[in-house]
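**Student:** Dropping a structure here in structure tokens format, bear with me for questions.
The values are calculated or read from the model by the stated rules, or taken from the named source; none is laboratory data. Source: prediction; values computed, not measured. Glycine also receives a Cβ, built like all others from the backbone with ideal geometry; neighbour counts cover every protein chain displayed.
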Amino acid sequence: MNAPNDMSFLTQLYIDGGWLDGAEGRRIPVLNPATGAWLADVAAGTAHDVERAVAGAARAFRAWRHTTGAARARYLHAIAAEVEVRRERLAMLQSLNNGKPQSEAHMDVDDVIATFRYYAQLAERLHHSTGEEVSIPSTEQRARICREPCGVAALIVPWNFPMVTTAWKLAPALAAGCTVVLKPSEITPLPELELASAIASVGLPAGVFNAVTGTGADVGAPLVAHPDVAKVSFTGSTGVGQTVMKTAADTLKGVSLELGGKSSIIVFDDADLDLAVDLVEAGGFFNSGQMCSATSRVLVARELAPRLLARLVERADRIVVGDPFAPGVQMGPLVNRAQFERVLGHIEQGIADGARLVTGGGRPAGAPEQGFFIAPTIFADVPATSALWRDEIFGPVLCMRVFDTEQEAVDVANDSNYGLVATVVTTDEARGERVARALEAGVVWVNTPQVIYPQTSWGGYKRSSIGRELGPFGLAAFQETKQVLTLRHAD
Ligand code: NAD
């Protein structure tokens, strides 16, 4: 394991090709969630820094937009290679600042590499200069569709998968020919600034990529309001996403929003029980349950419920919770005190609302005193009207309910303001397909873990998303579409 030995961190803003302290010299303390200890004071940007970063990005856009897809692909490949070189350091910073175990931190870095490589391949194939000819019912005219970069893009990301959510925006934005201002979460800037340094090292022209750390109010809000920002790509909570969309309306800029979730895993009576236990465990406790895609609602066929619950409790009680760098640790702390107290508040409310607490519910025995640890927690008989069942908890808390029919399972799963993902566990292939199609969710996993390939799509129905990331959709989010109709010259 890679316990931290180099405790010197990047703490400055990266603007227009240079590292600098914020214009007002303000700093934000960054803590280690496993110990509560101070790690660093990171520059807290302000509207003044946003102004400089957007000006640099707008200037750089004039030339960057005309680079070929092939040229941009070379930068993206170079970024992937540099991230690979820094894999251990990035994974170390991720565990240190976010608290996720080293195994999960490495998965995140590998996802970043795969995402940059994928968008490098898409960039290589862009018909940027001439566009694609489309067939029209005319012999005199010729129509082409050109896809052009939309301009300066603001990329605003959360703390739960800091580098991954960044890569899912940054790689397609650069591939499309946009210039960007990245705003990392103020809670997890350390891995993000190391990633920014990796990106800066590949020699992009000044201003193409900028990173401004700071709070949502001081950096995020002025970025969204800025008239020279053409596009906002935001991942975070649904409430802040709504604010972003309202603010963006003033300048009518495009928005892509990846927001909250409250997703279900449906376990049918014919399910492979071992597989179901694995999938429920990962869907609830991976990243300490701090996942937009957590399948924290467990819907199980009535006759299977006692056996599934017994197996889950046994599994949850065996999960090793503790120092993310310690060998064998499977679950780290929550990201900070606020999140820790919020999740404990949900647990208390759940008990008050009549849900049956089966295991967990507080600090795990033996976990470091000052860290923000919560034991894997399982509730059964959760009332469908309770906040526990309806609200995003964002912690290691599974809520179980039984169902009697396939239709009931689908209806209960769909009864949510959110619609990000769902998992279906059944050995009946036809049923798996039928239920996958009936669920109001942007991603459905049938008998598979939550693997996310950059080639596919990411995003949800209802209040979970506006737009889609990954795949060609992720690229299109940063492009304008232009039709050019010309006269066909006689041959
Ligand atoms: P958050 O909404 O508090 O913050 C997200 C980002 O927005 C941060 O960088 C924050 O500083 C910034 N911000 C805050 N106020 C702002 C404002 N007024 N204008 C502009 N930016 C502002 O979310 P969080 O607590 O960091 O992350 C957790 C949330 O993210 C959860 O709801 C989770 O479901 C969601 N999430 C969604 C996805 C997805 O793909 N759908 C992925 C990861 C996380």
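**Student:** Hey, could you check region 217-231 for residues that are surrounded by fewer than 24 Cβ atoms within 10 Å (Cβ to Cβ) and closer than 22 Å to Gly260 by Cα and say which is nearest to the ligand (Cβ to nearest atom)?
**Tutor:** By that ranking, first place goes to Ala221.
**Student:** Is it the case that region 264-279 has a residue that's near the ligand (Cβ under 10 Å from one of its atoms) and surrounded by 15 or more Cβ atoms within 10 Å (Cβ to Cβ)?
**Tutor:** Looking through region 264-279, none of the residues is near the ligand (Cβ under 10 Å from one of its atoms) and surrounded by 15 or more Cβ atoms within 10 Å (Cβ to Cβ).
**Student:** Also: Kindly indicate the residue of region 459-477 that is in a loop (DSSP other than H, G, I, E, B) and crowded, with 19+ Cβ neighbours inside 10 Å and also farthest from the ligand (Cβ to nearest atom) among those meeting that condition.
**Tutor:** Here the answer is Ala477.
**Student:** Hey, Glu303 hits all of (1) in a loop (DSSP other than H, G, I, E, B); (2) among the charged types (D, E, K, R); (3) more than 18 Å from Arg390 (Cα to Cα) but one; which does it fall short on?
**Tutor:** Just one mismatch for Glu303, condition (1).
**Student:** Could I ask something else about it? Thr456 is checked against (1) free of Cβ contacts under 8 Å to residues at least 24 places away in the same chain; (2) assigned to a loop (DSSP other than H, G, I, E, B); (3) β-branched (Val, Ile, Thr); (4) in contact with a Ser or Thr (Cβ under 8 Å, 6 or more places away or on another chain) and fails just one. What number does that condition carry?
**Tutor:** Here Thr456 meets the rest and fails (4).
**Student:** Considering Leu398, Leu420, which residue is away from the ligand (no atom under 16 Å from the Cβ) and either in contact with a Ser or Thr (Cβ under 8 Å, 6 or more places away or on another chain) or closer than 30 Å to Gly322 by Cβ (or both)?
**Tutor:** Answer to the selection: Leu398.
**Student:** Would you mention how many residues in region 242-259 are touching a residue at least 60 places away in the same chain (Cβ under 8 Å) and surrounded by fewer than 22 Cβ atoms within 10 Å (Cβ to Cβ)?
**Tutor:** Looking only at that region, the number is 3.
For every residue, the table says whether it meets (1) under 19 Å from the mean Cα position of the chain (by Cα); (2) under 29 Å from Val164 (Cα atoms).
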position: Val382; (1), (2): no, no
position: Ile393; (1), (2): yes, yes
position: Val397; (1), (2): no, yes
position: Ala422; (1), (2): yes, yes
position: Thr456; (1), (2): yes, yes
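**Student:** Can you name the residue in region 129-156 that is surrounded by 13 or more Cβ atoms within 10 Å (Cβ to Cβ) and farther than 26 Å from Phe234 by Cα and, of all such residues, is nearest to the ligand (Cβ to nearest atom)?
**Tutor:** Ile145
**Student:** Mind listing whichever residues of region 410-453 are closer than 22 Å to Phe286 by Cβ, touching a residue at least 60 places away in the same chain (Cβ under 8 Å) and part of a helix (DSSP H, G or I)?
**Tutor:** Ala413
**Student:** When you check Glu314 against the structure, is it more than 16 Å from the ligand (Cβ to nearest atom), of a type in the set (Asp, Glu) and either under 25 Å from the mean Cα position of the chain (by Cα) or assigned to a loop (DSSP other than H, G, I, E, B) (or both), yes or no?
**Tutor:** For Glu314, the condition - more than 16 Å from the ligand (Cβ to nearest atom), of a type in the set (Asp, Glu) and either under 25 Å from the mean Cα position of the chain (by Cα) or assigned to a loop (DSSP other than H, G, I, E, B) (or both) - is not met.
**Student:** Moving on. Cβ-Cβ distance below 7 Å, separation of 6 or more or different chains: which pairs start in region 186-210 with a residue that is more than 30 Å from Gln339 (Cα to Cα) and end on one that is within 16 Å of the ligand (Cβ to nearest atom) and of a type in the set (Val, Ile, Thr)?
**Tutor:** Note: pairs meeting the criteria are Phe209/Val180.
**Student:** Could you figure out which of (1) free of Cβ contacts under 8 Å to residues at least 24 places away in the same chain; (2) within 16 Å of the ligand (Cβ to nearest atom) isn't true of Val320?
**Tutor:** Of the numbered conditions (1) free of Cβ contacts under 8 Å to residues at least 24 places away in the same chain; (2) within 16 Å of the ligand (Cβ to nearest atom), the odd one out for Val320 is (2).
**Student:** Here's a follow-up. Scan region 36-94 for residues that are over 19 Å from Asn210 (Cα atoms) and touching a strand residue (DSSP E or B) at 6+ places or on another chain (Cβ under 9 Å) and jot them down.
**Tutor:** Ala37, Trp38, Leu39, Ala40, Asp41, listed by residue number.
**Student:** Here are some residues: Gly203, Gly214. Which one is at pLDDT 95 or above, surrounded by fewer than 18 Cβ atoms within 10 Å (Cβ to Cβ) and not acidic (Asp, Glu)?
**Tutor:** Only one candidate qualifies: Gly203.
**Student:** Here are some residues: Ala367, Ala375. Which one is in a loop (DSSP other than H, G, I, E, B), touching a strand residue (DSSP E or B) at 6+ places or on another chain (Cβ under 6 Å), of a type in the set (A, V, I, L, M, F, W, C) and surrounded by 17 or more Cβ atoms within 10 Å (Cβ to Cβ)?
**Tutor:** From the options Ala367, Ala375, the qualifying one is Ala367.
**Student:** Does Thr188 satisfy the criteria of being out of contact with any Asp or Glu (no Cβ under 8 Å at 6 or more places or on another chain) and within 14 Å of the ligand (Cβ to nearest atom)?
**Tutor:** yes
**Student:** Name every residue in region 240-259 that is more than 19 Å from Ala477 (Cα to Cα) and near the ligand (Cβ under 7 Å from one of its atoms), in order of residue number.
**Tutor:** Within region 240-259, Val240, Thr243 qualify.
**Student:** Among residues belonging to region 206-216 that are out of contact with any Gly (no Cβ under 8 Å at 6 or more places or on another chain) and away from the ligand (no atom under 16 Å from the Cβ), point out the one that is farthest from Ile79 (Cα to Cα).
**Tutor:** Checked region 206-216; the qualifying residue farthest from Ile79 (Cα to Cα) is Val208.
**Student:** May I ask you to list the residues in region 231-251 that are touching a Ser or Thr at 6+ places or on another chain (Cβ under 9 Å) and among the small types (Gly, Ala, Ser)?
**Tutor:** Ser233, Gly236, Gly241
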